[in-house]
1. Give the residues of segment 82-103 that are of a type outside the set (A, V, I, L, M, F, W, C) and surrounded by fewer than 16 Cβ atoms within 10 Å (Cβ to Cβ), sorted by residue number.
2. Give the number of residues within segment 11-66 that are part of a loop (DSSP other than H, G, I, E, B), more than 25 Å from Asn130 (Cα to Cα) and open to solvent by less than 40 Å² (accessible area, probe 1.4 Å).
3. For segment 169-178, state whether one or more residues are over 20 Å from Tyr104 (Cβ atoms), modelled with pLDDT of 95 or more and not in a loop (DSSP other than H, G, I, E, B).
4. Which residue pairs have Cβ atoms closer than 6 Å, lie 6 or more positions apart in sequence or on different chains, and pair a first residue in segment 51-63 that is in contact (Cβ under 8 Å) with a residue 24 or more places away in the chain with a second residue that is among the acidic types (Asp, Glu) and loosely packed, with under 14 Cβ neighbours inside 10 Å?
5. Any idea which residue in segment 129-150 is least open to solvent (accessible area, probe 1.4 Å), counting only those that are in contact (Cβ under 8 Å) with a residue 60 or more places away in the chain and out of contact with any Asp or Glu (no Cβ under 9 Å at 6 or more places or on another chain)?
Amino acid sequence: MNVIEIVVEVTRRLELLGIPYVVGGSVASSTWGQMRQTNDADIAILLDTARVDGLVSAFGEPFFISLAELREALLSEAPFRSVQLLHMDEAFKVDLFLLHAGEYETTELERGRAVEIFPGSTVRFSAPENVILAKLRWFVLGNQVSDRQWNDIVTVLEVQDGKLDEGYLDRWALHFGVAELLTDARSQARTN
């Protein structure tokens, strides 16, 4: 299985469980910007405690997810709380980011966009604006040294030029303290 096939399988199972999700990270930035190789997939989910056992049951072989780690992550107040979902046969990792039930997270899920990956297989991706915002936040958390994160941001801005909700981007960039970086990335995207 390749990355996309694994993502399709994971999201299919999430949909069967009724768990809202959006695919983010490098898979999403490749969808909205420039394709690049990735070693994992990021999927943001809204999970309530009543669905924890069902989630773990739904991801039996060839997958593995730790019930203890999942419960621990749900108790965390960290902004990017996550748990690893492993595809054992493919030695592939999916990071499930457990969204808080806040205003931004709600809009991220609502703004998710369905993209047909294969005929008959549709996956919900984080909107380009949310991909940019997440990448900016990760860039800051990584001490602003990741060329990969920065290049993803700039290429999504370039490819999606004229199609982005700039007001939404500005509002949340200010909220997350990344407005100056967004301005820098916009300037670089315009000169490329």
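The values are calculated or read from the model by the stated rules, or taken from the named source; none is laboratory data. If you're wondering where the values come from, they're calculated on a predicted model, not measured in any experiment. FYI the Cβ positions are ideal-geometry reconstructions off the backbone, even for glycines, and counts take in every protein chain you see. Heavy atoms of the whole protein, side chains included, go into the accessibility calculation; ligands, DNA and RNA do not. Shrake-Rupley method; radii C 1.70, N 1.55, O 1.52, S 1.80 Å.
1. Of segment 82-103, the ones of a type outside the set (A, V, I, L, M, F, W, C) are 82, 84, 87, 89-90, 93, 95, 100, 102-103.
Gln84, Asp89, Glu90, Lys93, His100, Gly102, Glu103 - these are the residues of segment 82-103 that are of a type outside the set (A, V, I, L, M, F, W, C) and surrounded by fewer than 16 Cβ atoms within 10 Å (Cβ to Cβ).
2. Initial filter on segment 11-66 (part of a loop (DSSP other than H, G, I, E, B)): 18-20, 33-39, 46-48, 59-62, 66.
Pick out the ones that are also more than 25 Å from Asn130 (Cα to Cα) and you get 59-62, 66.
Narrowing further to those that are open to solvent by less than 40 Å² (accessible area, probe 1.4 Å): 59-60, 62, 66.
Count: 4.
3. Here is the first cut: in segment 169-178, the ones over 20 Å from Tyr104 (Cβ atoms) are none.
Looking through segment 169-178, none of the residues is over 20 Å from Tyr104 (Cβ atoms), modelled with pLDDT of 95 or more and not in a loop (DSSP other than H, G, I, E, B).
4. Listed by first residue and then by second, the contacts come to Pro62/Asp89.
5. Here is the first cut: in segment 129-150, the residues in contact (Cβ under 8 Å) with a residue 60 or more places away in the chain are 130-131, 134-135, 141, 148.
Next cut, out of contact with any Asp or Glu (no Cβ under 9 Å at 6 or more places or on another chain) only: 141, 148.
Values: Leu141: 107, Arg148: 133 Å².
The selected residue is Leu141.
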